[in-house]
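Asker: One structure, as structure tokens, below. Some questions next.
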Amino acid sequence: MKQLLIPVLALPFLAGCMETAEERPMDEVPQQTTLADGTRQYAFRNGCVVILEPTAAVLVREGAQCELHHRDIALLYASGD
């Protein structure tokens, strides 16, 4: 009987953990585009644009409004391509 009580008592706690939190800026999925010269562009909602090399996850340039997490996100997506 004790074995059944522990999982049942844990349900309210687990339900609270599964609630959706506000979206954090570092969770944003950028709009990905391949430009005519082969470079990869990652555009974010705040206007940040990060451009990476065509075949490697290497930064070419980024916009002035970009923050570190924007570059990190773009590099993460590029490394998976």
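Asker: From the set of residues in segment 55-72 that are more than 20 Å from G38 (Cα to Cα) and loosely packed, with under 11 Cβ neighbours inside 10 Å, which is farthest from the chain's Cα centre (by Cα)?
Answerer: Out of the qualifying residues, it is A64.
Asker: Which members of segment 27-40 meet the condition of being of a type in the set (D, E, K, R) and either at pLDDT below 95 or surrounded by 15 or more Cβ atoms within 10 Å (Cβ to Cβ) (or both)?
Answerer: Keep residues of segment 27-40 that are of a type in the set (D, E, K, R), which gives 27-28, 37, 40.
Answer for segment 27-40, where residues must be of a type in the set (D, E, K, R) and either at pLDDT below 95 or surrounded by 15 or more Cβ atoms within 10 Å (Cβ to Cβ) (or both): D27, E28, R40.
Asker: Mind counting the residues in segment 62-81 that are in contact (Cβ under 8 Å) with a residue 40 or more places away in the chain, under 19 Å from P25 (Cβ atoms) and outside any helix (DSSP H, G or I)? Walk me through how you get there before you give the answer.
Answerer: As a first pass, look at segment 62-81 and keep what is in contact (Cβ under 8 Å) with a residue 40 or more places away in the chain: 67, 69-70, 72-74, 77, 81.
Filter once more, so that each one left must be under 19 Å from P25 (Cβ atoms): 67, 69-70, 72-74, 77.
Keeping just the survivors that are outside any helix (DSSP H, G or I) gives 67.
Count: 1.
Asker: Among the residues of segment 21-61, how many are outside any strand (DSSP E or B) and at negative phi?
Answerer: Initially, segment 21-61 is screened for residues outside any strand (DSSP E or B), giving 21-30, 35-39, 44-48, 53-58.
Checking the rest, the ones that are also at negative phi come to 21-30, 35-37, 39, 44-46, 48, 53-58.
The qualifying residues number 24.
Asker: Taking only segment 56-80 into account, find how many residues are of a type in the set (F, W, Y) and in contact with a Ser or Thr (Cβ under 8 Å, 6 or more places away or on another chain). Steps first, please.
Answerer: Residues of segment 56-80 of a type in the set (F, W, Y): 77.
If we keep only those that are in contact with a Ser or Thr (Cβ under 8 Å, 6 or more places away or on another chain) as well, we get none.
Residues flagged as of a type in the set (F, W, Y) and in contact with a Ser or Thr (Cβ under 8 Å, 6 or more places away or on another chain) within segment 56-80 amount to 0.
Asker: If a residue must be out of contact with any Pro (no Cβ under 7 Å at 6 or more places or on another chain) and either surrounded by 15 or more Cβ atoms within 10 Å (Cβ to Cβ) or among the acidic types (D, E) (or both), how many such residues does segment 41-54 contain?
Answerer: Quick first cut of segment 41-54, residues out of contact with any Pro (no Cβ under 7 Å at 6 or more places or on another chain) only: 41, 45-54.
Narrowing the set further to residues that are either surrounded by 15 or more Cβ atoms within 10 Å (Cβ to Cβ) or among the acidic types (D, E) (or both) leaves 41, 48-53.
Of the residues in that region, 7 qualify.
Asker: Next question, about the same structure. Please specify each residue of segment 41-55 satisfying the condition of being at pLDDT 95 or above, within 18 Å of S79 (Cβ to Cβ) and of a type in the set (V, I, T).
Answerer: V50, I51
The values are calculated or read from the model by the stated rules, or taken from the named source; none is laboratory data. On a predicted model such as this, the values are computed, not experimentally measured, just so you know. All Cβ positions, even for glycine, are placed from backbone atoms using ideal geometry, and neighbour counts span all protein chains on display.
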